[in-house]
Structures are given as structure tokens and as C-alpha cells.
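Visitor: Quick one: the structure is below, and I'll ask about it shortly.
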């Protein structure tokens, strides 16, 4: 299993090195950013960052600005570091979706313990949102699909359709039932749109797509 990635964002190189040393000893892979803009660029260009440690006072874009931008894209846990201890600052951070708030100076060992505690909560929640079958691994919260360990790009409806099949393994599903549950009851198009999406989905899933069986004259069934 690959080590979890943690993005450390602080304009002080000594602080970044200190945190990196302790987190690396804890078994994590550490990425570094020296300002808010660099942090956002790294986050957007890197997959699977498990947690962000974010300083408040930084050039270009402060920690609050970074947290606000990140929350538009992701629910990745954020631990905020600050030299301030004002209650209003903490409330501002929590209002932006920050998970923990640590005031400098702090013990690096305590910070690592906080990191572990936050990750235990978030990783366990994420694992509950993973469905696996026939070489397919579907992460609902991250909106990702792996087939035999390789990521597959699905459209929004293809993702929803696959999710519905996996949740109803072994159940014969009529086209109307699929249409009502995946496209919702307010869809008035042709039920044959199901056939088009199933064809594309099977193609993208490769050999795993064979688990989507056609029931002639009725619909489909996901069966391993």
C-alpha cells in the first residue's frame, strides 16, 4: 500500500522541513508548497492528497483563501496552523471547512498525532464508500472507478449507472426501473438511452463489463 500524501503549506522553509521530517518518520509522503498559489497548483495537479497542513499567514494567498478555494473542489481534510489564538480566527477557519486548528508554537509529535486522528476519521469514512466487484473498485466519495487497478474515466451518468448496477447485483432490472432510478422520474426521453449508456459502459470496463448481462426484452443484470 502506498503511503498517504500530505501537502504541507508554509512560507517558512524551516517549518516545512520540521513537519516533513516528522511526517516522513510517521510513514507519510510529504509534498511542500511555500505560498497559497503554489499550494492550489500542487493540489490540482496531484491525485490522492489525503490531508493538507495549512499555515494562515502566507504571501500571495493566505491560508483562509487557500481553504476557500480547496473547498470548492474537495472535502480533503485540512489542519490549519496559526500564530494567533483569537477565537474569531478559529471560527473563521471552521466556517471554511477546516478540520483542526493548531496554534504555534506546537509540538511536532502532537501535530502528527492530530494528523493520524483526522485521517482515521476520514479514511474510514471513505472506505465505507467503496464498492468492489469483478475487478471493479468504485469510490463513491472521490467519484473514481478503477478496473484491475487502472483508473477509468466515466461520464456522470455512466458513473451513476455503474453504481446502481453494483448496488443491485444479481437483480434483474428493467429499462424503466433503471431509467426511473438513475435518470429520475422526471426524464421523458426514450428508454433506449439505457442501451446506449450500457454499451459505452461495457466498453470502458473492458472484461469486467461482461458482468453486465442483457436480459432480452426486459433490461439488464449485473452478475459475477
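Every number here is computed from the coordinates shown, using simple stated rules; none is lab data. What you are looking at is a predicted structure, and each value in this text was computed from that prediction instead of being measured. All Cβ positions, even for glycine, are placed from backbone atoms using ideal geometry, and neighbour counts span all protein chains on display.
Visitor: Would you list the helices (runs of 4 or more DSSP H) that sit entirely within region 1-117 and hold 2 or more residues that are under 24 Å from residue 143 (Cα atoms) and under 17 Å from the mean Cα position of the chain (by Cα)?
Guide: In region 1-117, 36-45, 63-71 are the helices (runs of 4 or more DSSP H) which contain 2 or more residues that are under 24 Å from residue 143 (Cα atoms) and under 17 Å from the mean Cα position of the chain (by Cα).
Visitor: I'm trying to understand the selection: among the residues of region 30-56, which are touching a residue at least 12 places away in the same chain (Cβ under 8 Å) and surrounded by fewer than 14 Cβ atoms within 10 Å (Cβ to Cβ)?
Guide: 44, 46, 48
Visitor: Also, quick follow-up: Just one of the numbered conditions (1) within 15 Å of residue 196 (Cβ to Cβ); (2) assigned to a loop (DSSP other than H, G, I, E, B) is not true of residue 162; which one?
Guide: (2)
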